[in-house]
1. Taking only Cα atoms of the stretch 80-238, what ratio of Rg to Rh do you get with Rh as the Kirkwood inverse-distance radius?
2. Have a look at the chain and give its Rg and Dmax from the Cα atoms, expressed in angstrom.
3. In what sequence, highest mean first, do 142-148, 217-223, 82-88, 233-239 appear when ranked by Cβ atoms within 10 angstrom?
4. Please list, in order, the residues from the stretch 94-111 whose amide nitrogen is less than 20 Å from a point placed 7 Å along the Cα→Cβ vector of residue 229.
5. Extension gain residue 217-residue 138, at 0.36 nm per residue separation less the Cα-Cα distance, in nm?
6. What spacing in nm lies between the two simple spin-label points modelled at residue 88 and residue 249, each 7 Å away from Cα in the Cβ direction?
7. Neighbour counts of other C-beta atoms within 10 Å: give me 265, 226, 253, 190 arranged from fewest to most.
8. Taking the simple approach of a point 7 Å from Cα along Cα-to-Cβ for both residue 155 and residue 79, what is their distance in nm?
Ligand code: DGL
């Protein structure tokens, strides 16, 4: 199976695109809802939580795990790849969502000015400006942290007047940094649920980019370039959902993100020996 991880529901927006573009594979989704949001947490905490989740996904039979979470990709991916994976053997791989996005984002801007909306953790890590500078040194990057957005979305309040207020506040603060921003990246996998509101505030001349389709295309390329990994993946079109919190809540809320039925089970990350039977 391909393991897909997020702190909560947000990665389901990525899983949705993955299953649209690459429906043949089996996917195991894990949402660490009990400990979400990750955005305000320290590097060390996000790293520990992410590593534990990745190890659990490995133990369930996923040789390839995608961190469908910008905060985990920004704060934990590199350490896991460089420090933890080499000691684990068995050719296990972990990918993130920041690299695939920064590789192509420069193609979307004509003004050369890009805005990033993300969690505080992702913004403070400076991962986006640093990665974009490697691929597009002439592009200027402006960032805005949106600390209220994930809690609003996780609590199903993203259609409320409160959400309108906080969306307007953050989008205006981003655009005040440069009137020439013509592309805004939703650098958090929860934010596609606010895309319409963001577009309304930003106006029709600003392109709003979400990551799902970008990440799906990048994964397809990765599997093409790594046939040894591609061959190890089951292709029965199965989708399994796990949450560290209440599965009933996860099913009701998760379907909004996934755009289809979600039937989840409870995951105990401290017990990797409990192997699920797909
Ligand atoms: N959806 C996640 C991201 O892309 C994390 C949100 C959070 O837990 O704060 O950053």
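Computed from the coordinates by the stated procedures, all read-outs in this text should not be read as laboratory data. Keep in mind that what you see is a predicted model, and the values were worked out from it rather than measured. Cβ sites come from the backbone with ideal geometry, for glycine too, and all protein chains shown count toward neighbours.
1. Values: Rg = 17.6 Å, Rh = 17.2 Å.
On the Cα set of the stretch 80-238, Rg over Rh gives 1.02.
2. When restricted to Cα atoms, the chain yields Rg and Dmax of 17.9, 54 Å.
3. Details: 142-148: 19.9, 217-223: 16.6, 82-88: 11.3, 233-239: 13.6.
Averaged packing, sorted descending, gives the order 142-148, 217-223, 233-239, 82-88.
4. The answer is 94-105.
5. Working: separation 79, 0.36 × 79 = 28.44 nm, distance 2.48 nm.
Taking residue 217 through residue 138 to full extension adds about 26.0 nm, to one decimal.
6. 2.7
7. Ordered from fewest to most neighbouring Cβ atoms within 10 Å, 265, 226, 253, 190 come out as 265, 226, 253, 190.
8. 2.9
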